[in-house]
Every structure is written in C-alpha cells, then in structure tokens.
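Right, one structure below, let's go through it.
The values are calculated or read from the model by the stated rules, or taken from the named source; none is laboratory data. This one's a predicted model, so the numbers in the text were calculated from it and none came from an experiment. Heads up, the Cβs are rebuilt from the backbone with ideal geometry, glycines too, and the neighbour counts pull from every protein chain shown.
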Amino acid sequence: MDSADSDDKQKSEALTPGKIQAYKDQFASDPAKALMQNVVTRHDVNQVAMQRSIVAEATHSFSTVLDSWKVTNQSRTGRCWMFAGLNLVRSDTRNELNLKEFEFSQSYLMFWDKLERANFVLEAVIETADLPVDDRTVAWLLQRPIEDGGQWDMFVSLVKKYGVVPKSVMVETDSSSNSSRLNQMLNYQVRQGSKRIRDSYATESGLDEMRKIKDEVVGTIYQMLCIHLGTPPSSFFWQWKDKDDEFRRDGEMSPVEFADKYVKTPLDEYVCLVHDPRPTSEQGKTYTVKYLGNLKDGPPIKYLNVDIQLMKDLTAKQLEDGLPVWMGCDTGKQMDRDLGIWDAELFDYESVYGAEFSLDKASRLEYHQTSMTHAMLFTGVDMVDGKPKRWRVENSWDDKVGDKGFFMMNDSWFAEHMFEIAVPKKYLSEELLKAFEVEPIILPPWDPMGALA
C-alpha cells in the first residue's frame, strides 16, 4: 500500500475535523435538537420522553388481585430472585400459620447461597485449571464469582437443602441490606483461592491438594459470612400469636423441619419457562447454561423455551386459580419507578433524539441490549374480553414506590421485556412435559439466558 492509499484509509477510519464539523453543522441546522438540548440539559431525559397519554390511562385496578399483604424490601442488594421466591412461598405459609403478615429471613438464605456459590465456583476453577487464565471461560468465572443475583432453580435448591426460618430468627444486618462491601471481600478470597488452585495444578500436586485448598477457602468464607450476616441457626424455638389472638407453640425446630411443616408450595412441581426468540433458540426445547448454579449437589438450571403468548396464558391461568407467579424480566426498560408503571411505549426516545430505537427482542438479546435483570411476583391481572390488559406485580423495592410497592405492567410490556416464569407442571401439556425431560442443550456461560436476576 503506497503512502496516498494509507492516508485515504486513515481518513476513512478516523474521526477527522471535517467529519466532526459536518456532525456539528447537522445538529445546528435542526431547531428541534436545539430545543431538546435546552430541555434535557436541565431535566432527566425520561421526564422529557414520557408519554403523558400512557400515564393518564395507567391505573392500579385489576379484575383479579391476590395480594393482601405488605411488600418486602431487598434494600441495596440484588437478592430479588430470593425475595420473589420467598414472597411466593409465604402466601401459603401465612395461611398455615394463620397470620395476616409474615416474612421469611432472606438473610438466612443469603448466607447459604454465598457459601454454596463459593464452593460451586471454586469447583469450576478446578475443572478448568488446565486452561490459560485468559481463556474466555476462566475469565467469565473470575469476573464476578460471588454476586447477589440468582434463578428460580437456585432458590428451590437452597430451600430443599437448608430450609427456611422466620425473619425474626435471623434478622437483616448492614451487609445483608447493602451487600457491595461483603461481595468485594468474598470475591477477593475466591480469586485468591483460584490462583492458589491454579498454581497447585501447575506444579502437578494433584486433585486432592486442589480440593484441600478449596476447602480452606470455603472455610474462610464461612467465617466472613458469620461476621457480616451472623451465624445461621441450626435450630430455633418457635411460638407465635395468630391473627385470631390464639397463642401457638411448636417449640424447638430446625430450619428444614420448619420448611417441611410450613412451606406448602410444591416447589418440586415447578419448572421454568423462558421466552428466547433468537433464531438459534428453538421453541419447545430445553436449555441449560454451563456453570450456572449455586449448589454442586443441586439439580441443573433448566429452561423450557416457549412462545410468549403461551407464557401469558399460563401466567393468567395461575393467577385466576389463586396462585402468584414468580417471574424474571428486564425491569429497567420503559419503566417509571416512582409511578410503578411499565409500558412498551412509555418513553418516546425517537422524538427526543431524532434517532431510531428499532431493535426487536431477539436482536436486543443478540447484541447485549437486554437480558433478565430482575425477579418479582405477579399477583394480579386485569382481563378484558378474555385477554390480559395489564398485570399487577409485587416488587421488593419497599412501599414508597408504585402503589405501596406494587407495580402495574401494561400487556404491551410483557411481550417485549418478560423472559421467565415458574410454572407448576400440572399447567403444561404432555408435549411440553416430555420436552422438559429431554437432556437440555448446553449454552455457554456468557449466554444472555444465563443472566442472573
């Protein structure tokens, strides 16, 4: 390539003064953009882009409403999946205890999740010790080894192994309500332990020595969790006064015994359905994600990919049968937190910027514009002529947002930003049940369907 060709190539690749001047002239020639500049430099763009006609029609009124309880508060943590799971379970437990209000200890399950996850990740580090440290899988394992997010199947595994306790038995701490510092400390130990394990592999010390290092690290993490969250009880004395003012006592119980007696939701009967419209993901097929999970002795995380209309139908059916529905979505898209509203067209960004925002759901997944980011609970639906118009959602962001913590999702949003629900098997056809039992297709660890709520 001669010098002239090289100069032409550099000009076509680089941002030149001429190109920048053209962008500037284009902006200056559009009075609408100057107006938007004046407004958006002084206000949140969402306040400018919000479509008031949608807000005016938004109402927290539903033909079916199941909730008669107060919302919970995950505070400054990513424990939404755990809160949503416990909120689902407590709807039955509250009836068993004959209590108007009841809440499980989220801190208790948080403790065991983080301990199990440390063991899970370090076992994966042992398994991949022969790969270079900059291998994509190894890098993914070390990027955020201990975080707050999770999945429905991870929640079920924790409850089955460790049981549950009332919130009064293991209360919130500073770290359970604001987990960033705790996670920083735990991640340091996991990464440091990963280096020790990989160094041990390099010296050919053998699997037993790597497992010995792993056990030492997990033991250290147990001590750290006790410091931050408190020591989880092996048993507790349980007595209470119910809503009829009757005093009741069970006496000394273990968390597993408490779960066996008072968790009446048939967790083993639930399966996860997802909507993944990418061309590479086939409907009616079951998937799993490599290295997604928390318990080494727990079942794999499995998803059955279905059409979005079926997901809507099954959600509405459960609600009309009196069952709240655990779900996962991309909560931050087209959402106003204070009003507690989701609508697919809530914000008209195209008019603000004069630019297209036209990626469909499949493309947003492929190009990392969306993934499941939050788990909550459907507790109501507004059916009009047999079709859902809006959905009621129990969030875990305290009662100062939305309708005392409950949100309203217009049906348009469901199709665009919903990804997952947990469904009892009795609601599935024989064909889908058979598909769920087939050996799942394994997706790579970084696949967007492996995102943690």
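Assorted remarks:
- Residue count for the range 211-268, restricted to those that are of a type in the set (A, V, I, L, M, F, W, C), more than 16 Å from L97 (Cα to Cα) and part of a helix (DSSP H, G or I): 11
- Filter result for S68 (more than 30 Å from K317 (Cα to Cα), under 30 Å from the mean Cα position of the chain (by Cα) and of a type in the set (S, T, Y)): no
- Condition check for K212: over 28 Å from the mean Cα position of the chain (by Cα), of a type in the set (K, R) and farther than 18 Å from L292 by Cβ: yes
- Taking the criterion of being polar (S, T, N, Q) and within 27 Å of the chain's Cα centre (by Cα), the residues of the range 97-133 that qualify are S105, Q106, S107, N119, T128.
- Taking the criterion of being small (G, A, S) and under 16 Å from V138 (Cα atoms), the residues of the range 177-199 that qualify are G193, S194.
- Of residues in the range 287-336 being over 17 Å from the mean Cα position of the chain (by Cα) and hydroxyl-bearing (S, T, Y), the one nearest to S429 (Cα to Cα): T315
- Close Cβ contacts (under 6 Å, 6 or more residues apart or on different chains) running from residues in the range 300-316 that are farther than 18 Å from M409 by Cβ to residues that are among the charged types (D, E, K, R) and buried (at least 21 other Cβ atoms within 10 Å of the Cβ) comprise I301/D153; N305/D276.
Rundown of residues vs (1) among the polar types (S, T, N, Q); (2) touching a Pro at 6+ places or on another chain (Cβ under 9 Å); (3) more than 19 Å from M335 (Cβ to Cβ), yes/no style:
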{"site": "N38", "(1), (2), (3)": "yes, no, yes"}
{"site": "N46", "(1), (2), (3)": "yes, no, no"}
{"site": "Q51", "(1), (2), (3)": "yes, no, no"}
{"site": "W69", "(1), (2), (3)": "no, no, yes"}
{"site": "Q74", "(1), (2), (3)": "yes, no, no"}
{"site": "L88", "(1), (2), (3)": "no, yes, yes"}
{"site": "D92", "(1), (2), (3)": "no, no, yes"}
{"site": "L99", "(1), (2), (3)": "no, no, yes"}
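- For L314, the conditions (1) in contact with a Leu (Cβ under 9 Å, 6 or more places away or on another chain); (2) of a type outside the set (G, A, S); (3) surrounded by 22 or more Cβ atoms within 10 Å (Cβ to Cβ) all hold with the exception of (3).
- For the range 148-189, taking the residues that are of a type in the set (V, I, T) and not in a helix (DSSP H, G or I), the one that is farthest from L267 (Cα to Cα) is identified as T173.
- Among the residues making up the range 87-115, those that are in a helix (DSSP H, G or I), more than 22 Å from D297 (Cβ to Cβ) and touching a helix residue (DSSP H, G or I) at 6+ places or on another chain (Cβ under 7 Å) are T93, E96, L97, Q106, S107.
- Cross-chain or 6+ apart pairs with Cβ under 6 Å, the range 101-130 first and farther than 15 Å from G150 by Cβ, then among the hydroxyl-bearing types (S, T, Y) and not in a helix (DSSP H, G or I): A124/Y291
This table checks each residue for (1) under 15 Å from K167 (Cα atoms); (2) surrounded by 15 or more Cβ atoms within 10 Å (Cβ to Cβ).
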site	(1), (2)
R211	no, yes
L225	no, yes
P232	yes, yes
F236	yes, yes
D244	no, no
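- Test: S68 is part of a helix (DSSP H, G or I) and of a type in the set (S, T, Y): no
- Some residue of the range 194-206 being among the aromatic types (F, W, Y), without any contact (Cβ under 8 Å) to a residue 60 or more places away in the chain and either in a helix (DSSP H, G or I) or under 18 Å from V169 (Cβ atoms) (or both): no
- Residue satisfying condition, being among the acidic types (D, E), at pLDDT 95 or above, at negative phi and surrounded by 16 or more Cβ atoms within 10 Å (Cβ to Cβ), within set D276, D260: D276
- Qualifying position, being in contact with a helix residue (DSSP H, G or I) (Cβ under 6 Å, 6 or more places away or on another chain) and under 16 Å from D343 (Cα atoms), among A422, A453, A415: A415
- Qualifying positions in the range 281-335 - assigned to a helix (DSSP H, G or I) and in contact with a strand residue (DSSP E or B) (Cβ under 8 Å, 6 or more places away or on another chain): I308, L310, M311, K312, L314, T315, A316, Q318, L319, E320
To keep it simple, each residue is scored yes or no on (1) of a type in the set (S, T, Y); (2) exposed (fewer than 14 other Cβ atoms within 10 Å of the Cβ); (3) more than 20 Å from G322 (Cα to Cα).
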{"residue": "D348", "(1), (2), (3)": "no, no, yes"}
{"residue": "H374", "(1), (2), (3)": "no, no, yes"}
{"residue": "V393", "(1), (2), (3)": "no, no, no"}
{"residue": "G402", "(1), (2), (3)": "no, no, yes"}
{"residue": "M409", "(1), (2), (3)": "no, no, no"}
{"residue": "I421", "(1), (2), (3)": "no, no, no"}
{"residue": "L428", "(1), (2), (3)": "no, no, no"}
{"residue": "E437", "(1), (2), (3)": "no, yes, yes"}
{"residue": "A453", "(1), (2), (3)": "no, no, yes"}
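- E366 vs. criteria surrounded by fewer than 19 Cβ atoms within 10 Å (Cβ to Cβ) and without any contact (Cβ under 8 Å) to a residue 60 or more places away in the chain: no
- For the range 137-176, residues that are without any contact (Cβ under 8 Å) to a residue 40 or more places away in the chain and either within 13 Å of E116 (Cβ to Cβ) or among the β-branched types (V, I, T) (or both) total 1.
- Being among the basic types (K, R), part of a loop (DSSP other than H, G, I, E, B) and surrounded by fewer than 20 Cβ atoms within 10 Å (Cβ to Cβ) is a condition met by no residue of the range 73-86.
- Residue match in the range 239-257 (condition: in contact with a Gly (Cβ under 7 Å, 6 or more places away or on another chain) and closer than 28 Å to H374 by Cα): yes
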